[in-house]
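Visitor: Attaching a single structure in structure tokens format; questions to follow.
The values are calculated or read from the model by the stated rules, or taken from the named source; none is laboratory data. Since the structure is predicted, the reported quantities are computational estimates derived from the model, not experimental observations. Note that each Cβ is placed from the backbone with ideal geometry, even for glycine, and that neighbours are counted across all protein chains shown. Each accessible area value is taken on the protein alone, full model and side chains, heavy atoms only, with ligands, DNA and RNA left out. Shrake-Rupley method; radii C 1.70, N 1.55, O 1.52, S 1.80 Å.
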Amino acid sequence: MRVTEIFPRRKTLSLELFPPKSELGMQKLDQELERLYALEPDYISCTYGAGGKGLGKHMELLCRLSSDAKTIPMTHFTCIGSGKEYIRHQLQSYLDIGVDHILALRGDLPNGWSGTRGDLQYASELVSFIREAFGDRFTIAVAGSPEGHIECKSIESDIEFLKHKQDCGADFILTQLCWDMEQFERWLEKIRAAGITMPVDVGIMPILDQAATINMALSRNACVLPRKLCELITRHWIFPNPFDKNPYDEEAETKKLSFRKAGIEYTIEQIEQFKKMDVSGFHLYALNRYDDVAYIAQQAGLLERN
Ligand code: FAD
């Protein structure tokens, strides 16, 4: 079964995991996987370390997902720093373990790099390469940036390049996190007007932790923090700041818990708004945190499959 066969029938639920670095983390995730399968995700995607870092654990997790056969495994893959021969070999390794869904990415350029230092410069070239080398054997997702990718000259040019990924053979879009709902809706209208017909699977970053939320907004993504979300952070502010490892705020622990509770409610509300838009699925960045993700999926009605 391909994810693209499910989209026309109903909205999908999918999860994103990252391969833990340690053996202990891997064992813990092993146990969590059974609980995640109980949510019946249509697919689970596994992130790819920048430039192929941690490839062993990445393949181990994909092997486990594939052999369990409880969901469709999808790999993320970036082309930075890689020649075509390596890419072909790695893609074949995915097929060999039964993984034929891929999120084709360029990857973030490390500081000081002006290009990918590999044979392919953009995700669109990777999509073309996959189609040339493997025909239709892969279902290909590509990244979409509702606020525009951080390096793009304009949102219009970014959308043109997204359309190019479709023309090169991509099957669906998985979006970057976006907390600005008005911008997301505007972007959806713009991509459809630009002739992009691919299904849009919306990436949802649960709000669970103040420091992580601020980091996400200010890091490479540079995404907008809407006023309501800023107020949420301010209301639960931990003094001197949420990044301090030893805060002097006596209420720090209580504030962390109450922020998480409010953040989960915020995330559920956001999903309710996405449901009213032209999206084909919900992709929860699960952050390997089963309990919160299961609760969000259940409360947001994502476990009801009609
Ligand atoms: P591209 O589509 O190639 O776009 C990159 C930039 O180049 C954009 O600004 C675009 O406008 C511009 N551009 C595109 N084509 C052209 C052209 N022909 N000429 C000029 N400019 C052009 N990274 C990881 O390392 N591992 C992961 O597992 C991972 N998972 C991700 C999951 C999701 C859902 C998303 C959204 C991102 C993920 N990333 C991951 C991050 C991703 O690698 C970065 O966002 C990266 O900087 C861009 O990748 P891309 O595929 O969007 O690149």
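Visitor: Residue by residue, what Karplus-based ³J(HN,Hα) values in Hz, rounded to whole numbers, does segment 141-147 have, using 6.51, -1.76 and 1.60 with θ = phi - 60° and x for Gly and Pro?
Guide: Rounded to whole hertz, the list is 9, 10, 7, x, 10, x, 9.
Visitor: Then there's this: So how do 84-92, 209-217 stack up, highest first, on mean other-Cβ count within 10 Å?
Guide: 209-217, 84-92
Visitor: Computed FRET efficiency, Cβ-Cβ of M181 and I97, R0 45 Å: what is it to the nearest 0.05?
Guide: Efficiency at R0 = 45 Å is approximately 0.75.
Visitor: Still on this structure: Quick one: which residues, 5 or more positions from S45 or on another chain, have an amide H under 5 Å from its amide H? H modelled 1.01 Å from N in the peptide plane, none for Pro or chain starts.
Guide: HN-HN under 5 Å from S45: L15, E16, L17, M74.
Visitor: Also, quick follow-up: Evaluate the Kirkwood expression for the hydrodynamic radius of the chain, namely the inverse of the mean inverse distance over all pairs of different C-alpha atoms, and round to one decimal in Å.
Guide: Mean inverse Cα-Cα distance, inverted, gives 20.2 Å.
Visitor: Can you pull the Rg over Rh of segment 147-289, Cα-only, Kirkwood?
Guide: Taking Rh as the inverse mean 1/r over Cα pairs, Rg/Rh reads 1.03.
Visitor: Given springs between every Cα pair under 10 Å in a Gaussian network model of the chain, which of W179, W237, W113 has the largest fluctuation?
Guide: W113
Visitor: May I ask you to list the trypsin sites (Lys or Arg not before Pro) in segment 164-255 that are in a DSSP loop and have at most 10 other Cβ atoms within 10 Å of their Cβ?
Guide: K245
Visitor: On to the next question. Stretch A222-D30 to full length: gain in nm at 0.36 nm per residue minus the Cα-Cα span?
Guide: Value of the extension gain: 65.8 nm.
Visitor: So how much slack lies between S22 and N246, counting 0.36 nm per residue of separation and subtracting their Cα-Cα distance, in nm? Spell out each step's value before the answer.
Guide: Working: separation 224, 0.36 × 224 = 80.64 nm, distance 2.55 nm.
Full extension of this stretch gives 78.1 nm more.
Visitor: What is the ratio of the Cα radius of gyration of segment 1-119 to 2.2 N^0.38 Å, where N is its residue count, to two decimals?
Guide: After normalising by residue count via 2.2 N^0.38 Å, the value is 1.12.
Visitor: How far is helix 123-134 tilted, in degrees, relative to the longest principal axis of the Cα atoms in the chain, given as a value from 0 to 90 rounded to the nearest 10?
Guide: For helix 123-134, the angle is close to 40 degrees.
Visitor: What's the local net charge at A193, with K and R +1, D and E -1, over the other residues with C-beta under 15 Å away?
Guide: Value of the local net charge: -2.
Visitor: Another question about this same structure. Modelled label-to-label distance, Q121 and F161, 7 Å Cα→beta-carbon offset: nm?
Guide: Rounded to a tenth, the inter-label distance reads 1.1 nm.
Visitor: With θ taken as phi - 60° and the coefficients 6.51, -1.76 and 1.60, list the Karplus ³J(HN,Hα) couplings across segment 175-192 in order, rounded to whole Hz; mark glycine and proline as x.
Guide: 8, 5, 4, 8, 9, 8, 5, 5, 5, 4, 5, 4, 4, 4, 4, 5, 5, 5
Visitor: Under the definition of Cα pairs under 8 Å and six or more residues apart, what whole-number percent is the relative contact order of the chain? Working shown, then result.
Guide: Working: 478 pairs, mean separation 59.5, N = 306.
Relative contact order for the chain comes out at 19 percent.
Visitor: Using the Kirkwood radius over Cα pairs, work out the Stokes-Einstein diffusion coefficient for segment 62-146 at 10 °C and 1.306 mPa s, in µm²/s as a whole number.
Guide: Diffusion coefficient, whole number: 118 µm²/s.
Visitor: If I model a spin label at M1 and R192 as a point 7 Å from the Cα along the Cα→Cβ vector, what separation in nanometres do I get?
Guide: Going by the 7 Å Cα→Cβ label model, 2.7 nm.
Visitor: Here's a follow-up. Could you do me a favour and compute the accessible area per residue for the chain, 1.4 Å probe, result in Å²?
Guide: For the chain, the solvent-accessible area averages 48 Å² per residue.
Visitor: What number, in nm² with one decimal, is the all-direction average of the projected area of the convex hull of the alpha-carbon atoms of segment 1-55?
Guide: Values: hull surface 19.3 nm².
Mean projected area for segment 1-55: 4.8 nm², to one decimal.
Visitor: Packing-wise, with mean Cβ within 10 Å as the measure, how do 37-49, 152-164 rank, highest first?
Guide: On the way: 37-49: 20.3, 152-164: 16.0.
Ranked by mean Cβ neighbours within 10 Å, highest first: 37-49, 152-164.
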